[in-house]
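Okay, so here's the structure we're looking at.
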Amino acid sequence: MEHAEDGNRTNKQDDEESIARLEELKRIVEGKLALRQSNLNPNRPDTSFLRTLDSSIRRNTAVIRKLKQISEDQKETLIEELKSVNLSKFVSEAVSYICEAKLKTSDIQTAVQVCSLLHQRYKDFSPCLIQGLLKVFSPGKTGEELDNSSRAMKRRSTLKLLLELYFVGIVEDATVFVNIIKDLTSTEHLKDREATQTNLSLLTSFAKQGKYFLGLPLPERDIHEEFFKGLNVTADQKKFFKKAFSSYHDAVVELLQTEHHSLRMTELENAKVFNARGELSEDSTSSYEKQRKSYDQLLRSVSSLAEALEMEPPVMPDDGPTRVNSAVDGSSHGQGKDAPAMEPVWDDEDTRSFYESLPDLRAFVPAVLLGETEPKTKDQEGKANEQPESPKESDGDAQANATSSLTSEHHHEGKAEEKNKERGERQKEKEREKEKGKVTEKEKTKEKDTDRKGEIEKEKGKGADNASLDALLQRLPSCVSRDLIDQLTVEFCYLNSKATRKKLVRALFGVPRTSLELLPYYSRMVATLATCMRDVPTMLLNMLEEEFNFLINKKDQINIETKIKNIRFIGELCKFKIAPPGVVFTCFKQCLDDFTHHNIDVACSLLETCGRFLYRSPETTVRMANMLDVMMRLKIIKNLDPRHSTLVENAYYLCKPPEKSARVSKVRPPLHQYIKKLVFTDLDKNNVEYILRQLRKMPWAECESYILKCFLKVHKGKYSHIYLIALLTAGLSCYHDDFSVAVVLEEIRVGLELNDFNMQQMRLAHMRFLGELYNYEQLDSSIIFETLYLVLIFGHGTPEQEVLDPPEDCFRIRMVITILQTCGHYFNRGSSKRKLDRFLLHFQRYILSKGQVPFDIEFEIQDMLAELRPKMTRYTSVDDITTALVELEEKERLAKNAANGVEENGTDNVRMETGDSDSYSDRSSIKEADELLSEGNDDGSESINGDDEDEDAGPGRSEEDEVAVRKKRTEVDPAEMEDFDREMKAMMQESLESRKQELRVRPATINMMIPMNIFEGGHRESESGEETLDEEPDGGGSKVRVKVLVKKGNKQQTKQMYIPGECSLVQGVKEKEAAEMEEKRDIKKKILEYNEREEDEGSAALMTGNWPSLGSSGTSGGVGGSGNNGSGNRSGGQGRGRSFYVAGGYHHGYGRRR
C-alpha cells in the first residue's frame, strides 16, 4: 500500500509539473502572437508626437550606446529610455549598434522586444535591421576583425535573432533564410575543417529552432499549430530546406567516414613505428593528436545535426584507446624524452648481486661434464674413422685402374678366352661370398652379445643417475636461499645429460602455484645453467609462453593462481635477462587488449615483478612508460571495481613512484629530543614517576615552553597515554606555580573554527586531555561545562554555520561523548549533577537537530548515557525536549524563589520555638562540620596554594568542590564507629539540655512543653513538635498512629489517634524525616573524612624527601612536603598529592576519585 501511495504521489506531482509547463508554454506563445499582430499592423506615432520626445544628440547617443549591451537585466530600463527619446534621425546608428551587440541565448528575447518597439515607431528600422544582420553571414568582414570562435558565436546568435524576428513579424519574408541555408549547406565549405564545424553548429541551431521550416513534428502541436499558422512559408520553401539539410547530412557523414579511415591508417603506421622503435617522434605524435581532435569534433557535430533532424546518428567502429597500437599519448612521449636522469635499475646492492652476480660453473665443474668437450671428441673420432677408410678407397681406385688397363691391353684378344675367364671369376666370387656369409654371421652374434652387455651396464648407470637426479629434484622446493640454489646447480652439472636437462626443465616448470617465493631462485638456477646449457632456458621459456597463451585464450575465471605463477615466472626470467623484453611486452599487451577480470590481476602481477626493472632500464623505459599510461587510461575508461582499481594504482606507482621532494628533518636541540623521547616514547604507567623526576631536573627556564608544547601535542602519542600526560601536568604543577596548560582550551576553539577533517584525531585527543586534567583537579568544573556548551553552540546563528557545523557533520557529538566518558562520572552529586542533567537535555536537543545520526555514534551515545544517567529519559522529538527544558527552567526558578524565602517561612520559626532538638542538633552539626571543612580547606590551601589562591578558594567556588570526596573510601573500624555514636549521643543530649534552659529563661510563646517520655522508647517526632507518628500495630499499613499533645488546665496529656497513611500530612512528615536522616548521614561522612584527612596530613609531616616512598599500606605523604607547616606546593588548587597502589599498577592521587 505504501508503494502504491508513493507511486500515486509521484504521478500526481509529475502531472502537476507537466500542466505547469504547458501553461507556461501557452503563455509564451500567446505573448508572441500578440507581439506579431502588433508588428504586422504597427500603429506608428506621427511626427508631432515624436517632436515632443527628447531629440538631443547627447541623449540619443547615450541611449543608442546601450543597444550594444542588451541584456535581460536592463530590459525594463532600456525600453523606458527608448520610449522617451526620438531616434528618427538615428535609426541607422541604432541598427549598427544592435548588429554589433554580443547577444547570449538568454538575451535574445530582450533584443526581440527592443526591435519590436523600434519597428513599431520607425518605418525604416526593419529594412535597415535585416540588411545589417545579413551582413554577418557575408564571407567578408563582419564589422570588425574577429577570430574563428567569436565569428561562429556571432553568427549563431544572429541566426537565432533572425528566426525570432521572423516569428514575431518583423522579418516577413522567409527567403532570407533560404539564402542563408543555401550558403551554409554548400559542399564547397567541406574542404575547410573550421568552416565545416561552424556551418554544422549553425545548421544544428536552425534545425532545433525552426522545425517548422523542415516539416518536422512539433512538440505540443496543439499549442504551436495556431502560432505557426500565420507564417507565410510556402511548400516549396519547406521542400528546399528539407532537401538541403538531408543532402548536407549525407555529405558530412561521408566526410566523417573518410576522416575515420584516415585516422585508422595513421594509427596503423604509428603502431608499426612504435613496435619497431619503442617510441614515436614528436611530429608524428602532434599530427596524430591534431587529426584525432578534428575527427572527434566532427563526429560530435554530425551526431548533433542528426539528432536535430531526428535521424540516426552515424555509427563508427569502436576505436577507443583500448589497444596499445591506437593509444598514442604525446604527453607520455614527452615525459619519456624529457625525463630526469635515469634512476638505478636495482634498489640496493643485495638485489643487484642476486640478479647479476651468478656463479661461474666452469670454475666448479670439469668441462667434460658441462658438455663443452663433446663436439671435439666427436670430430676427432670422425677424423680417425675417416683416416683408415682413405687407404682402402685408394687401393680400390688403383685396382680399378689396373683392371681397366688390363682390359684395354687385351681388348683385341679372342672372345673364347675372355668368356672362360669370366666364368672362372664368377665361380670364385660365389665361393668368396659363401665364406663371407659364414664370417658375418659369427660377427653378428658377437656384436649382439657385446651390445647386450653394454646395454645392461648403461641401464645400471642410468638407474644410479636417475636415483641421484630424483633426490636432487626433491631438494628443489627447499632451496630458499642463494647459497642453496647455487650448490644445487653445481650438483646438477655432475648429472648433466640431455635427458636430465629435460627432466629438470619439467620440474622447474611444475613449481607449485602457491609457492611463488621459489620463482626467483628457480630463475637464478636457469640463468646460471644458461651460460653452459643453452637448451635449458629455451625449453623453459617456450613452455611458459605456451602456457600463458593457453590460459589467456581460455578466458576462464578459475585458474587465477596458475596465471599469477606463470606471469611471475616470466617476469623473474626477464630480470635475469633470460626472457627478452619483447616477450614481456607481448604478454602485457595481450592483457591490456582485454583489460577485464583476471587479466587485470595478471597485468598487475607482471608489473609488480619486473615493471620497475623494465621502466628503469634505458632500452625499455620509453615503451614501458607508454604502456603504463595506457593502463591508467584504461583504468579510467573501464570504471573498475575498488579492488582492481587499487591493484592498478599500486602497480603503476610501484613502477613510477610519484615525484616528491625529500623531507627535511627538523633539527632539535639534544635537550628537546630527550624531552620528546620521554613524553612520546618512554612514557607508560610503570615509569611515570621516573619521567616526572627527569622533567623536574630540566632547566625550567629553558624547557618550560617546550614541555608545554609537547604536552599539548597529545595526539602525537598514544591515545591510551593521555591520562599519563595529565598526571605529569599535575605533578609538575606542584613544583612550578606558573606551569599552565590552559592553551588546550584555545586549541579546542581553533579546531571548532577550522572544522578540518584532518584535525579530527587531534581534536578528540584535546577533549580527552581536558577531561583528564579535570580528573587530576587541574581545572574547575565550570571550565568543563563552558567547553561543553561552546562545542554545542559555536558558530550557530552566524553566516558560517553551514561551514563550521554542517547538518550532516556529527563530529561535535563525538567530542562531547569523549569528554563526558572521561570525567562525566564525577558529576554525580550536588550542583554538578544538576548542571550535567541540564546539559544532557541540551545535548539531546543538539542530537535531534542532526536528524538521523550514524549507527556508531548512536551506539556511543547509548553507552555514555547508560554509564552516566541510566535512568534519564531519551527524547525522540524536538518538541518533547523543548518542553522538558522549559519545565526544568521553571523548576529551577521555583527552587530559587523557595530558597530565598526560607527565612521568612513561619514553620521554621515554630520549629525552632517548639524545641525540635533533633533538627537543631543536626543543624548545629552541619554548621560545625562546615566550619571544620572550611578550616581544613583553608589550611590545605595555605599549605599548597600559598598566596596564589584567588579563584578556587573564593566564594564563587562550585558546590561539588565543597562536598567532593577527596580520596578513596576506606573501611571504618567498628570500635571507632561505636565511640563516634556514643560521643554523638552525648553531644546531642548536651545540646538538648542547653536548649531546655534557653526556653525556660526567655518568655515562652507556647505554654505547652513536650513531655520527655515521648522521646523514650524510640518514638519519633514530627517537625512541628506537636505530633509523632507510628504505624498501626495490627499491620496493614493503611493507618498511622499519631500522638496528639493536649492540655486540660495546667496538665498536659497525650492522646492517640489513627489517620489514613495516604494523608498529605503523613506523607509530608515522612518525607521530612527521610531528608533529615540523609542529612545526618552526610554530616557523619564529612566528619569521618575530615578526621582521616587530618591523620594523613599528620603522618605526612613525619616524612622527608621530595617524593613519597612506596609502601604496601596504600597511602603516603603529599608531594613535596607536609600539609601542616604550609610549605607544600600547589596541586591544582583543589586536591592534595598522594600516591598509592591500586589494581593494575602505581597510581598518583592528584585527581578525583569516586
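The values are calculated or read from the model by the stated rules, or taken from the named source; none is laboratory data. As the structure is a prediction and not an experimental result, all values here were calculated from the model. So basically every Cβ, Gly included, is an ideal-geometry build from the backbone, and we count neighbours across all protein chains shown. Keep in mind that these areas ignore ligands, DNA and RNA; they rest on the heavy atoms of the full protein, side chains included. Shrake-Rupley method; radii C 1.70, N 1.55, O 1.52, S 1.80 Å.
Observations
- Modelled label reach - L894, point 7 Å along Cα→Cβ, segment 832-856 residues with backbone N closer than 20 Å: 834-835, 837-839, 841
- Residue-span extension gain [S186 to R1081] - 0.36 nm each, minus C-alpha spacing: 311.4 nm
- Beyond 19 Å in Cα-Cα separation lie the following of the pairs K191/K293; K68/K135; K272/K555: K272/K555.
- For the peptides 109-118, 149-158, residues were scored by their other Cβ atoms within 10 Å and the scores averaged per peptide; the highest-first order is 109-118, 149-158.
- Largest-first principal axis extents of the Cα set of segment 672-895 (Å): 58, 39, 29
- Short-range pairs are left out: with C-alpha atoms under 8 Å and at least six residues apart, the relative contact order of segment 467-655 is 16 percent.
- Of the peptides 193-205, 499-511, the ranking by mean beta-carbon count within 10 Å, highest at the top, reads 193-205, 499-511.
- Computed extension gain for K1048 through S994, at 0.36 nm per residue and net of the alpha carbon distance, reaches 16.6 nm.
- Other residues whose C-beta falls under 14 angstrom from the C-beta of T204 contribute a net charge of +4, scoring Lys and Arg +1 and Asp and Glu -1.
- Ranking T586, T105 from most to least accessible surface, computed with a 1.4 Å probe over the protein chains only, gives T105, T586.
- Remark: segment 832-899 is approximated by an ellipsoid whose semi-axes, taken from the C-alpha gyration tensor as √(5λ), come to 25, 14, 8 Å, largest first.
- Among T528, T514, the order of accessible area from largest down is T514, T528, computed with a 1.4 Å probe on protein heavy atoms.
- Separation of the alpha carbons by more than 22 angstrom is noted, of K75/K104; K502/K554; K211/K243; K75/K160; K871/K1070, for K502/K554; K871/K1070.
- Highest-first arrangement of 1052-1063, 637-648, where packing means the average Cβ count within 10 Å: 637-648, 1052-1063
- Distance between segment 688-741 and segment 573-621 - C-alpha centres, whole angstrom: 55 Å
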